[in-house]
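Have a look at the structure below, then the notes.
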There are 2 protein chains.
Amino acid sequence: MDEQKSIVDLCPAPRVIEMIGGKWKLRILQILIFQGTKRFGELRRQVAGITQTMLTKQLRALEDDGLISRKVYAEVPPRVEYSPTNSGMDLMKMFEAMHQWWERNQAS
Amino acid sequence: MDEQKSIVDLCPAPRVIEMIGGKWKLRILQILIFQGTKRFGELRRQVAGITQTMLTKQLRALEDDGLISRKVYAEVPPRVEYSPTNSGMDLMKMFEAMHQWWERNQAS
DNA sequence: TTATATACTATCGTTTACAATACTATTGGA
DNA sequence: TCCAATAGTATTGTAAACGATAGTATATAA
């Protein structure tokens, strides 16, 4: 009954990379982490080249993975604000580890 | 002449994720990092579901990015061995940071 | 002579990611 | 009355990633 799992299957790296991978998620996270809460329209202006459709899709994915949160205000015209969660902010330590690897191994 | 680059453009995260992203690279790296040098055929057997075509392509990409090295022996039938480079091994610290983030934020 | 083993490459098909464009709802103001 | 502003959704098309299959070279062994 108890399946013996290999150490490989327990590694969270594939899931983590899925959560922050793709063409847009890192850029969105960077803005929210470094600049704090942003409205949808502000994000669309700052993420150069992204379409509304894509921005919505990426924001939903980040929200589903608990990296950002979404707050809707009952106003007209509508206002929706996106913020990094604690979990999202905590990714900074991991990005720092990436940065250090880069400095050790790739930097000229 | 000197373009002023924003801190955002200097972040190596997108490149790093490109280097280890996709469906197969992490699995290949895990095997080479934890088990050491492997022949092509051994890798093909261990990376469940991968085709020869894909394995070759992923190995080339990892080699081009300096994460693994390739050694060809002039034998028949051919023998080719793949090993992690120092740079590839050094990714462990980053994977550890991912693991710790996961433990802090996702683990039950 | 024929088969075997190994590490490939070439070609084509499918599936997924991403892009482009148009459309929707709401309400305060000109 | 009609438009602006905001944050979307729906639809369709394209590009990139991935998969399936077949073919290549060559020394050795049967």
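Could you please find all residues in region B:33-42 being surrounded by 15 or more Cβ atoms within 10 Å (Cβ to Cβ) and under 13 Å from the mean Cα position of the chain (by Cα)? Scanning region B:33-42 gives a single hit, B:Ile33. Within the bounds of region A:42-58, is there any residue that is over 22 Å from B:Asn105 (Cβ atoms), acidic (Asp, Glu) and at pLDDT below 95? The answer is no; no qualifying residue exists. Within region B:12-29, residues that are closer than 14 Å to B:Ile50 by Cα have Cβ atoms under 8 Å from residues that are part of a helix (DSSP H, G or I) and of a type in the set (S, T, N, Q) in these pairs: B:Gly22/B:Gln58; B:Trp24/B:Gln58; B:Lys25/B:Gln58; B:Ile28/B:Gln58, counting only partners at least 6 apart in sequence or on another chain.
A residue that is within 24 Å of B:Lys23 (Cα to Cα) and among the aromatic types (Phe, Trp, Tyr) occurs somewhere in region A:23-30. Of the helices (runs of 4 or more DSSP H) lying entirely inside region A:21-69, the ones with 1 or more residues being away from DNA strand C (no atom under 14 Å from the Cβ) and under 17 Å from A:Lys93 (Cα atoms) are found at A:25-35.
If you filter region B:50-94 down to residues that are within 14 Å of chain A (Cβ to nearest Cβ) and open to solvent by 60 Å² or more (accessible area, probe 1.4 Å), you find that the one that is nearest to DNA strand D (Cβ to nearest atom) is B:Asp64. Has region B:83-101 got any residue that is within 11 Å of DNA strand C (Cβ to nearest atom) and touching a residue at least 12 places away in the same chain (Cβ under 8 Å)? No. Does A:Arg104 fit the bill of being more than 18 Å from B:Gln106 (Cα to Cα), more than 15 Å from DNA strand D (Cβ to nearest atom) and either open to solvent by 90 Å² or more (accessible area, probe 1.4 Å) or within 14 Å of chain B (Cβ to nearest Cβ) (or both)? Criteria met by A:Arg104.
The values are calculated or read from the model by the stated rules, or taken from the named source; none is laboratory data. The shown structure was predicted, so the numbers you read here are calculated from the model rather than taken from an experiment. Cβ coordinates were reconstructed from backbone atoms using ideal geometry, including for glycine residues, and neighbour counts include every protein chain displayed. Surface areas here come from the heavy atoms of the whole protein model, side chains and all, with no ligands, DNA or RNA. Shrake-Rupley method; radii C 1.70, N 1.55, O 1.52, S 1.80 Å.
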